[in-house]
Amino acid sequence: MVDCPVIITRPGSRAEPLAAAIQAYGLEVERIEVMTQEVVPESAGMRAVWLDIDQFHKVVVISPAAAECLIEALDRYWPQLPQGLALYAVGEATASLLYQALGVRIRMPSVGNETSEGLLALGSLRQLDEQKVLLVAGQGGRTLLADTLAERGARVTRLEVYRRRLMEPSKAEQWRLSSAQYRALVVSSGEILEHLARWCSKTALYQPLIVSSQRLATLAEQLGFRDVVVASGASPAAMAAAAAGTCNPR
């Protein structure tokens with residue numbers, strides 16, 4: 001088992017920094033890509049929201065993919081960033097993308113609490129009487145943010161800028177999962193976890209599973225996983241440290 005890889009499942013280019021962070025601990029990494037993310041073609045309604053983005057009191061960006069779409073839209077329609085745009089990000093990777101591109105303050109949950117629940121705990125999102133809030137997100141996913149912000153008095157607009165598509169693992173990847181020939185499985189998406197569980201044998205359910213939040217840990221336990229480790233956050237550094245601590249215990 002020492003020669004087996006750590007399996008990572010992040011889609012697209014986001015897998016690269018995670019792989020590098022884990023490899024820095026001397027661990028072999030294998031990638032299983034079962035989700036693609038496709039940009040939703042811009043509609044007239046979407047364009048209208050981008051053009052009126054300065055009318056929103058707060059803009060909440062759900063994921064790195066959503067951040068990339070927002071950055072591109074601002075580049076097209078707002079050569080000069082609207083004054084006083086209050087940006088929020090659910091996680092560190094999303095916040096980092098926004099800050100690097102826009103150079104403005106990004107509000108986010110504390111490190112280790114990078115979830116929708118963590119974002120909702122911020123003081124500036126607790127009283128939202130009649131404030132207009134824009135959620136930039138993908139199609140589907142959780143409704144917790146939109147529902148809770150609306151309950152707190154916000155007028156919420158949800159803009160779905162990309163879609164996810166799940167794919168079957170290759171035959172070799174299916175064998176890897178069913179035979180449990182890996183040191184740890186690293187997952188930061190509930191959709192991906194539920195999808196991959198279909199190919200995890202009873203033996204695989206006893207292999208270490210590294211997840212990015214307590215919510216995912218609860219889901220994993222419901223799916224039958226027995227060795228679940230919760231990383232201190234969803235960042236590559238946090239996930240890699242959890243994998244290293246599990247695979248190379250001192």
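The values are calculated or read from the model by the stated rules, or taken from the named source; none is laboratory data. Since the model is a prediction, treat every value here as computed from it, not as a measurement. Using ideal geometry, Cβ is built from the backbone for each residue, glycine included, and neighbour counts are taken over all protein chains shown.
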Verdict on Ala73 being outside any strand (DSSP E or B), under 25 Å from Met239 (Cα atoms) and of a type outside the set (S, T, N, Q): no
Sole exception among (1) out of contact with any strand residue (DSSP E or B) (no Cβ under 7 Å at 6 or more places or on another chain); (2) outside the structural domain of Val90 (by TED's automatic domain parsing); (3) hydroxyl-bearing (Ser, Thr, Tyr) for Tyr182, by number: (1)
Search result, residues across region 33-55 that are touching a Lys or Arg at 6+ places or on another chain (Cβ under 9 Å), at pLDDT 95 or above and over 16 Å from Tyr162 (Cα atoms): Gln55
From the options Leu144, Leu87, residue that is modelled with pLDDT of 95 or more and assigned by TED's automatic domain parsing to the domain that holds Val60: Leu87
In region 92-117, the residues that are in a loop (DSSP other than H, G, I, E, B) and at pLDDT below 90: Ser110, Val111, Gly112, Asn113, Glu114, Thr115
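Can you tell me how many residues in region 36-88 are among the hydrophobic types (A, V, I, L, M, F, W, C), closer than 19 Å to Ala15 by Cα and surrounded by fewer than 18 Cβ atoms within 10 Å (Cβ to Cβ)? Lay out the reasoning, then the answer.
So in region 36-88, the residues among the hydrophobic types (A, V, I, L, M, F, W, C) come out as 39-40, 44, 46, 48-51, 53, 56, 59-62, 65-67, 69-71, 73-74, 78, 81, 85-87.
Filter again for closer than 19 Å to Ala15 by Cα, leaving 39, 62, 65-67, 69.
Narrowing the set further to residues that are surrounded by fewer than 18 Cβ atoms within 10 Å (Cβ to Cβ) leaves 39.
Count: 1.
Looking only at residues in region 21-51 that are touching a Leu at 6+ places or on another chain (Cβ under 7 Å) and not in a helix (DSSP H, G or I), which one is farthest from Cys4 (Cα to Cα)?
So in region 21-51, the residues touching a Leu at 6+ places or on another chain (Cβ under 7 Å) come out as 34-35, 46, 49.
With not in a helix (DSSP H, G or I) added as a condition, the list becomes 34-35.
Values: Val34: 20, Met35: 23 Å.
For region 21-51, the residue satisfying everything is Met35.
Please go through region 3-41 and pick out each residue that is without any contact (Cβ under 8 Å) to a residue 24 or more places away in the chain and either more than 20 Å from the chain's Cα centre (by Cα) or more than 18 Å from Leu209 (Cβ to Cβ) (or both).
Ser13, Glu16, Gln23, Pro41, listed by residue number.
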Unmet criterion (only one of (1) outside the structural domain of Gln83 (by TED's automatic domain parsing); (2) surrounded by fewer than 19 Cβ atoms within 10 Å (Cβ to Cβ); (3) modelled with pLDDT of 95 or more) for Ser13: (3)
Test: residue in region 127-135 that is on the phi > 0 side of the Ramachandran plot and not small (Gly, Ala, Ser): yes
